[in-house]
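What follows is a set of notes on a single structure, which appears directly below.
Values quoted throughout were computed directly from the atomic coordinates according to the rules given, and no laboratory measurement underlies them. If you're wondering where the values come from, they're calculated on a predicted model, not measured in any experiment. Virtual Cβ from ideal backbone geometry, glycine too; neighbours counted across all protein chains shown.
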Amino acid sequence: MRSRGLSRGLRRCLLLVGGWAAAVATSAEPSTVTREPGARATVDLVRAEAAPVIDGVLDDPVWNGPPLELGDWLTYNPLNGSRVPQRTEVRAAYDDRALYFAFRCLDPEPDQVRATLSRRDQLWNDDWVGVSLDSVGNGQASYDLFVNARGVQADVLTTSSAGENSAPDWIWESAGSPTPEGYAVEVRLPLTALRFKSGETVRMGVLFWRRVSRLGVSSAWPEVAAGKSFIESHANLVLHDVRQPLILELMPSLTYSWNQVRAEPTGFAAADSEPDAGLSVRYGLSSSVALEGTFNPDFSQVESDAFQVEVNQRYPLFFSEKRPFFMEGMGTFELAGAGGDAVMRTAVHTRTIADPRWGGKVTGTLGKLTFATLAAGDEAPGRVTDEGPSPAPGEQKLFFVGRGVYSLGRNNYAGVLLTDTEFGQGHNRVAALDLSLRGGRHSFSATGLFTSSRTPDGARDTQGGGGQTSYGYETRRFVFVNQLEHYERHFQMDTAFLNQTGITADWTFAAWSFYPDEKKHPWLKRVVPFVFSRVGEDRVQGGDLRFVLPGLRMHLTRQGFFRVDTGWGREPWAQQTFDTRTTRVMASAQLTRWLNLFARYGFGRSVYYDEADPFLGRSRSLGLEASLQPSSRFNQSVSYQRDAFDRLSGESVYRVDVLNLRSSFQFDKHFFLRAIVQYDSSRRQVLTDFLGSFELLPGTVAYLGYGSLIEQREWGGSEWFAGQGDYATSRRGFFFKASYVHRF
């Protein structure tokens, strides 16, 4: 009894001393939030006298003060303007080196919080919290940071021209920890990772958001109203007497690869080993302008592209960029109206630069002007390939891209894009202007392009024009978008990913949203009937196109989603016109904390795209995917796709099966192992890919991997015949890659 009484008294003394220390530590004015009628809220941050330890435990003196008085957090996806029972407290501060954020995420059911230990950018099925920061304050771009309850990071660059891009990885710190009330998260964002204008008063934009996985609902402060982007919704963030340190960053890299090709059934040819080294440099010319350069870079891809069905594809397959030098800041190069259902998917698709020997970039912001330039020399076009000799053997294809965007207000801009490629005696030069305006519920964009091209042998010159105009209207209940596109037959843009030329088309999308009573239907969040239509003239294939697709989407709890649609129309191909139709059903759900399922099925009548003898047939497509997370560290995903096509008579034309198995084990936030096995029946190939990775921070990383290609082939005595005989390993190899980032 005496010991227990002494402990209680000692505890009281410690509480008194701790309370006095907290009062001293927070004697300075706390960060404040002010609101004026009709104006954006302003968050005025105070300096931290001592930087917090980023450990996910909110016990540092800087967090002892009250949270920011933000008011209600309202949902934006899939509901708009609703409140959730999960409350979020935010604290923020800064010093001469970094911005600091602390989140106390309260949950009435803390044991239902979903948090996995995964790689960076792999937390989207978890509960997470985050901050969106427009560091320049001109309403054109934002750094979006996300953290789950285990401190796993994700980051997205959002621009007014290109939308969201998850490719960039910035250097910042985060930590998270479960609590009896939910979970807590701390973030440290170094000022060296941001682009901003130094000064006595620095103005940025800020927004906070939170995702509750089991509800399938995201909320934010300030409110993100229907029809508005995150950038438009930012509150003002004010810092005082902040100077951004100038940056000199070096990243040397080292790679070693060892590869073998099977020369005959009994053995492999001699191994081809290749060590290589490269260097990348980043230098801050000013607080808002940076220069980047790379020589002999390691542009090998650590992540293999997943097999996709290549049979009977009218348009080329799109593979995302994964190389760090090109990923950083690429959203600036995008044109208004590109992407989605547009003819031009992206104006600058850097995977067209297959094997660069060197590269350089200058990016920055000067007042309302944001600019970016890119130059690179690609050695791949000058090589002899299986398709034949190069038109300019041994020469590099030179790429030059320049982009300027002038801010006309938050999320509004006028821009110019210039691109030039030079190879042999030929070139491709493009000049483009674009405009994007948003006001209230309305949005408008326009783009105009002109191209001038010469073939590499100098024998032929062509010119062409293209462009688009689009209008959108969006409220909580209604969405309407219309886009008109026109591209001349001889339009050519080497840097772009373009589906087709010689096309004039207009497409329209309209959707209505209904929000059922949550008390009567707690599992049903939103019901959206919609219709999509497209009409136009295809001058290359010789005919008019028509297509209409009505459908229904439903958003459910547990991130559930259901969609059904059916469409019909006319499609020109090879100077013929075919009557087509299609029906599709798809659904997905996070059934439990450890199981996520996705399924889709489609069937109809479609075209077999043969240049000489096209015909109409019956198509069927099935896709299934399951992601299992039996523990917070282990993830197993299985996906299967089958595509089939028959003549109308019933004769089979092709059957393609693609199976992907992916297993990963995350030891901690830095070290993981991953195995991939992919099978493609059309190629009769099996790809295996094994990888171990240790990433201390973006850029400071080491990889060790092994891969093999197993093919069905038969030896004919002097050559291999594909698609016959037994399956055997035809290629194998391993690689080591390491890079290190050093900042002076």
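Quick notes on this one:
- Förster radius 35 Å - calculated FRET efficiency between R581 and F444, Cβ distance, rounded to 0.05: 0.55
- The loop-placed trypsin sites (Lys or Arg not before Pro) in the range 216-275, going by DSSP, that have at most 13 neighbouring Cβ atoms within 10 Å of their Cβ come out as R243.
- Compared with the dominant principal axis of the Cα atoms in the chain, helix 2-25 is inclined by about 70°.
- Nearest-20 debye value, the range 31-242 charge dipole, Cβ charges on Lys, Arg, Asp, Glu: 440 debye
- Counting all C-alpha pairs of the chain, share separated by more than 45 Å (%): 27 percent
- Selection from Q86, S632, T582, by position along the positive dipole direction of the chain (Cβ): Q86
- Comparing Cα centroids, the range 604-668 and the range 66-80 end up 40 angstrom apart.
- Extension reserve of the F268-Y473 stretch, reckoned as 0.36 nm per residue once the Cα distance is removed: 67.6 nm
- Spin-label pair T42/S637, simplified geometry with 7 Å Cα→Cβ offset, distance in nm: 4.5 nm
- Whole-Å distance, taken between Cα centres, linking the range 359-422 and the range 95-116: 40 Å
- nm² value of the averaged projected area, convex hull over the Cα atoms of the range 455-498: 4.4 nm²
- Diffusion constant of the range 490-539 at 10 °C, which comes from Stokes-Einstein with the Kirkwood Cα-pair radius and 1.306 mPa s, µm²/s: 108 µm²/s
- Extension gain (nm, one decimal) between N77 and E719, 0.36 nm per residue minus Cα-Cα: 225.4 nm
- Taking the convex hull of Cα positions in the range 340-391, its mean projected area over all directions (nm²): 6.1 nm²
- Fully extended contour minus Cα-Cα distance, from F400 to A354, at 0.36 nm per residue: 15.1 nm
- All aspartates and glutamates inside 12 Å of K228 as judged from Cα atoms, apart from same-chain residues fewer than 8 positions distant: E474
- Rounded Å value of the spacing that divides the Cα centres of the range 193-268 and the range 510-534: 32 Å
- Only helical runs count toward this figure. For the chain, summing -39,500 (n - 2.57) over DSSP H runs of n ≥ 4 and dividing by all residues gives -1500 deg cm²/dmol at 222 nm.
- Whole-number percent relative contact order across the chain, with pairs defined as alpha carbons under 8 Å at least 6 apart: 9 percent
- Loop-located trypsin sites (Lys or Arg not before Pro) in the range 55-112 whose Cβ has at most 15 other Cβ within 10 Å (DSSP): R83, R97
- Orientation-averaged projection of the range 31-242 equals 11.1 nm² [convex hull of Cα atoms, one quarter of hull surface area].
- With Rh defined as the Kirkwood radius, the inverse of the mean 1/r over Cα pairs, the Rg/Rh of the range 568-622 is 1.24.
- When the range 31-242 is described by a simple charge dipole with +1 on each Lys and Arg Cβ and -1 on each Asp and Glu Cβ, the residue from T179, W221, P110 located farthest towards its positive end is W221.
- Of the two radii for the range 589-715, the radius of gyration is 1.11 times the Kirkwood radius, both from the alpha carbons; that is the Rg over Rh value.
- Length-normalised contact order of the range 244-303 in % [C-alpha pairs under 8 Å, at least 6 apart]: 35 percent
- The calculated FRET efficiency for the pair S652 and L696, based on their C-beta separation and a Förster distance of 56 Å, comes to about 0.60.
- Normalising by residue count, the range 450-548 has a Cα convex hull of 130 Å³ per residue.
- When you restrict to C-alpha pairs under 8 Å that are six or more residues apart and normalise by the size of the range 96-200, the relative contact order lands at 33 percent.
- Hits among lysines - C-alpha to C-alpha of K361 under 24 Å, sequence gap 8 or more where chains match: K197, K322, K397, K737
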